[in-house]
1. What does the range 35-189 give for Rg and for Dmax, in Å, if only its C-alpha atoms count?
2. Using only DSSP helix segments of four residues or longer, with each worth -39500 (n - 2.57), what per-residue ellipticity at 222 nm results for the chain after dividing by its residue count and rounding to 500?
3. Enumerate the calculated ³J(HN,Hα) couplings along the range 111-128 in order (Karplus 6.51 cos²θ - 1.76 cosθ + 1.60, θ = phi - 60°), each rounded to whole Hz, writing x wherever the residue is Gly or Pro.
4. Give me a comma-separated list of calculated 3J(HN,Hα) values for the range 29-46, in order, Karplus coefficients 6.51, -1.76, 1.60 applied at θ = phi - 60°, integers in Hz, x for any Gly or Pro.
5. Would you please give the residues with an amide H less than 5 Å from that of Val45, counting only those at least 5 places away or on a separate chain, with H modeled from the backbone geometry?
6. In the neighborhood of Arg125, defined by Cβ-to-Cβ distances under 13 Å, what is the net charge if each Lys or Arg adds +1 and each Asp or Glu adds -1?
7. Find, to one decimal place in angstroms, the Kirkwood hydrodynamic radius of the range 114-189, where the mean of 1/r is taken over every pair of different Cα atoms and then inverted.
Amino acid sequence: MGNDAPESDAGPRTIGGSAPAGAGTTTHLACSLLNAKIGVNITHVPYRGSAPAANDLMGGQIDYLCGNLGAAAPLIAGKQVKAIAVLSQGRSPLMPDLASAHEQGLTGFDVTTWTAFFLPKGAPRAIVDKLNEVAHATMDTPVIKGRMLEIGVTGVAPERQSPDYLATFVRDEIARWEGPIKAAGLQVD
């Protein structure tokens, strides 16, 4: 999201993205990856939530932020902030007219937030499979799907719903993020 506030004579402004939930969050990492991809060096401004970050964006104290679309959608719809791109490779069903960064020239750029159930190592496969089955059956109900979409969460495609897929996905995500995190010198304070 960007800010259309006019320039001020009050002195230099901080140029930065934000990590609404703090250092090391998905929004912090997404912004860091975006900054590296486009070759800019910014001042990271951490916030204690998306509301204070959005307020500073609207007030012109920061120039942009990387946030979750679910929280930003009302501000975008109300024309309080300007949406520039979704950072996932494809468009979001929440805002299908908003082009992705990938579509706008950042080829291969794909950052999404995901959540999963994790159990202790050695959990019986029958329990793992039952929890997986019940969780996906619940998330596939119209009421839950509708509520998830309202808050900016899209479901997982059926081919990505198995515990085996998740194990491979987690390994791949760790490998994908390890390089950019180390290269940027990111750490949780």
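No lab work stands behind these numbers, since they all come straight from the coordinates. Just so we're clear, the structure is a prediction, and the values are computed from it rather than from any experiment. We place every Cβ from the backbone using ideal geometry, glycine too, and count neighbours over all the protein chains shown.
1. Expressed in Å, the Cα Rg and Dmax of the range 35-189 come to 18.1, 54.
2. Using -39500 (n - 2.57) per qualifying helix, the result is -13000 deg cm²/dmol.
3. Per-residue couplings from phi come out as 10, 10, 8, 9, 9, 8, 8, 10, 10, x, 3, x, 4, x, 4, 4, 5, 4 Hz.
4. Listing the rounded values in order: 5, 4, 5, 5, 5, 4, 4, 5, 5, 9, x, 10, 10, 10, 8, 6, 10, x Hz.
5. It is Gly17, Ala19, by chain and number.
6. -1
7. 14.7 Å
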